[in-house]
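In what follows, a single structure is set out as structure tokens and then discussed.
The values are calculated or read from the model by the stated rules, or taken from the named source; none is laboratory data. Quick caveat, the model's predicted, so the values are computed rather than measured. Methodologically, a virtual Cβ is constructed for each residue, glycine included, from the backbone with ideal geometry; neighbour enumeration extends over all protein chains shown. Side chains are part of the model used for accessible areas, which takes the heavy atoms of the whole protein and leaves out ligands, DNA and RNA. Shrake-Rupley method; radii C 1.70, N 1.55, O 1.52, S 1.80 Å.
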Number of protein chains: 2
Amino acid sequence: MASVTTSQTSTIKIWANSGDSHFLEPDDLWRNNVAKRYADLMPYAVKDPDGRWETVHVDGQSFRRKLPGQTQQEFLGASQRAPGSNDSRLRLVDLDHEGIWAEVVFPSLGLWNASFRNPEALRAAITVSNDWAKSEIMDISPRLLATAQVSMLSITDAIAELQRTASMGFRSVFLPTTPPAHTPDYNHDEWEPFWAAAAEAKMVIAFHIGTDPVDMMAGEVIGITYRGPGGALLNYTETTFSGHRATMKMVAPGALDRHPNLKVLVSEGGATWVPFLADRMTEGYRQHAMMVRPKLSRTPKEILYSQVFASFQHDETAIAAVTAMGYQNVMWGSDYPHLEGTYGHTQETLHHLFDGVDAATQARITTGSFNELFPGVEQHPTMLA
Amino acid sequence: MASVTTSQTSTIKIWANSGDSHFLEPDDLWRNNVAKRYADLMPYAVKDPDGRWETVHVDGQSFRRKLPGQTQQEFLGASQRAPGSNDSRLRLVDLDHEGIWAEVVFPSLGLWNASFRNPEALRAAITVSNDWAKSEIMDISPRLLATAQVSMLSITDAIAELQRTASMGFRSVFLPTTPPAHTPDYNHDEWEPFWAAAAEAKMVIAFHIGTDPVDMMAGEVIGITYRGPGGALLNYTETTFSGHRATMKMVAPGALDRHPNLKVLVSEGGATWVPFLADRMTEGYRQHAMMVRPKLSRTPKEILYSQVFASFQHDETAIAAVTAMGYQNVMWGSDYPHLEGTYGHTQETLHHLFDGVDAATQARITTGSFNELFPGVEQHPTMLA
């Protein structure tokens, strides 16, 4: 982790795969493409004439919300400033410049999933999203691994769409870190057929932090848990915990134990939490044995270390999670094009992280974990094996 | 971390200070010792004749709760099986046997703090607790560092009791990981005079995980967040997150930055989370700079690494947090006499953790961090410097 500017190695471009990126679909994708009877149920917003508030309509419900103030507008604008944020061909230019080869691409419209009440309307929207991601992202380049969306209102629908998208070439399925209120939580038995279907279809379960359901009707705002002094920093930090919880809910009830080929990716939440969680869960599993059900065939640590992958952007400790804590499934991620990510300073970040680090560790984090999770994705010629 | 039974070094007794232990005060301590006008407000329970439910009375309120079933009774009994759990003299015998020298001792009655509504009644109860801890714990041995209790209903009362207990020789003040509902959260300005008083009095802020307020009137049960498959393991694991949050709330609004001599101990939540949180908060602080207020004079990582201490029991990765992540404030803790802790297998745990680890790292974790936080506590003669 030597200084970037003084080290000779810093002039060499480091190529990395990314376990975390985002695509901005067209705002009107759903309204323009679902069957006519569902079009009016798709989310849309009508601004007040004074431009300070808007009314949002989704699935027959409406709510009012304040439009972003100047600082928030700058913040949102900065997160969409990359030319390739909504265009796959321009995206490849950005990626080449940054030194990013293949990437896992999360949808942006997926955040509306928790606001639907009508399973048929949501199913229609999601089908449109996945067909569009296939033709406008995946078909543009094999480097772009779009995550499939599935309904959070019906596990049966989710299984059907998982299987359909797997047959279309999707490699992973995006799940929010917590299901919406009326859907069983991930530790409950209702999800077992979904986990079985994902294992069968070799679809990676891709959680992305910051995707807990938000009850916008009740005035909740995405990303706001804390208010008052330090609120923005508290809110940013808080998002990681639901990623830990989603993982816990697949370990504790035995889902990952029953399906040893099922793999989980937690994107953007950092990576050093996995060794921590592994020790903590293993302590609880052993010390609270008289209360713990079900029993597992492996320790939580063995399960987490072999089946859970985690992506980070800047975290210096992610290297030592591999080298000193034995957790091999650390994956770098750019979070392109978002502001929490490395767009505009990817090479600086990668050199800060890896200059002075042994080649095998660098290779594991920049490419190896990604390639183990998504075997067969072509590598950049200069990538470390 | 060699096997315990085969290593020659395993026959040497490892002595360690503990950043985490518990004392069971007499159930009727408060009722028997507060002024008569408050006695009936102190918590007490009346069992139903059939022994399956009880009615609990506290501060003029009442609620019904189910008595523990057989497994829960076994679980609770196991956590109180150590002869010294409620007797300081017997405790020293247990500690000598286990190889524990000095320890931070948390109160058990403190959990009722969030159930009071009457500030005077709570103040009376807390005064009794602290006077009792002074005479029955601290005065029995300088090895027993009882944590002071303070009111969570009035920050003014809390400051007065902090100052009184500091003058009595207490070295740390126990705070629950989250204040009760009607008290401002720790990131708010109302707490600033308390932080200033603690820094002035050299009192360590000692958070203990598992101490979020529980609304027993609303039927909430301590330690139960999840139900269903894997619930017990999920509930155990969950407790750690509120410790992270309590710490975040002292970093983000600048409390620790303004008081560089103020120190925080988070007990029983593990230690490897601190390097993780440090990277995450530093990423948020930098990447979300346009939203973050207040600005800090040091990075969150610098603040956490210098002012926050964390205790763990069994976590193997705690060693590498020191050696490979540069986080020096890792402290071992026994959690005596609880079931999550090492009572009955302390030497086995310490040898599993430290056999093969360099002496300086072992010394830092078993004694050095503790002695930095509580300077002047006498050491066992064989303790590593």
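Some points to look at:
- Checking each residue of region A:74-83 against the condition of being within 14 Å of chain B (Cβ to nearest Cβ) and within 24 Å of A:Leu265 (Cα to Cα) gives at least one match.
- Candidates are the residues of region B:282-318 that are open to solvent by less than 10 Å² (accessible area, probe 1.4 Å) and among the aliphatic types (A, V, I, L, M); the one that is nearest to the other protein chains (Cβ to nearest Cβ) is B:Val292.
- Residue in region B:154-161 that is of a type in the set (S, T, N, Q), surrounded by fewer than 16 Cβ atoms within 10 Å (Cβ to Cβ) and modelled with pLDDT of 95 or more present: yes
- Some residue of region B:331-348 being in a helix (DSSP H, G or I) and buried (at least 24 other Cβ atoms within 10 Å of the Cβ): yes
- Put simply, of A:Pro142, A:Pro119 the only residue that is within 27 Å of A:Lys36 (Cα to Cα) and of a type outside the set (A, V, I, L, M, F, W, C) is A:Pro119.
- Considering residues of region B:76-90 that are at pLDDT 95 or above and among the aliphatic types (A, V, I, L, M) only, the residue farthest from B:Gly344 (Cα to Cα): B:Leu90
- Check on B:Gly326, facing chain A (nearest Cβ under 9 Å), surrounded by fewer than 24 Cβ atoms within 10 Å (Cβ to Cβ) and outside any helix (DSSP H, G or I): yes
- Considering region B:184-233, and only residues there that are within 19 Å of B:Leu262 (Cα to Cα), away from every other protein chain (no Cβ under 12 Å) and assigned to a loop (DSSP other than H, G, I, E, B), the residue that is most open to solvent (accessible area, probe 1.4 Å) turns out to be B:Lys202.
- In the set (1) outside any loop (DSSP other than H, G, I, E, B); (2) buried (at least 21 other Cβ atoms within 10 Å of the Cβ), A:Gly270 fails one condition alone, (1).
- Region B:250-276, subset under 22 Å from the mean Cα position of the chain (by Cα) and at the interface with chain A (Cβ under 7 Å from one of its Cβ atoms), residue farthest from A:Arg280 (Cα to Cα): B:Ala252
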